[in-house]
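Following: one structure in structure tokens, then a few remarks.
Computed from the coordinates by the stated procedures, all read-outs in this text should not be read as laboratory data. Values in this document were obtained by computation on a predicted structure and should not be read as measured data. Glycine gets a Cβ as well: all are built from the backbone with ideal geometry, and neighbour counts include every protein chain shown.
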Ligand SMILES: [Zn+2]
């Protein structure tokens, strides 16, 4: 049996490994984020490419559920 419980842990928008925009290699998340203390909207997450050693800083987007300011 497989439980599929979402407990507001790691956000879907934040991947732990992304594809490097420059070289297409694997860029790994830097920093001290854990499943217990994950990055939230507005936080900056940094990635380091293992191939070209470039660093990528991304801002975590706002959660799409918080769209209550519809005009
Ligand atoms: Zn790269």
Simple spin-label estimate for residue 17 and residue 48 in nanometres, 7 Å along Cα-Cβ: 1.6 nm
Normalised contact order of segment 7-66, rounded percent, pairs of Cα under 8 Å and 6 or more residues apart: 31 percent
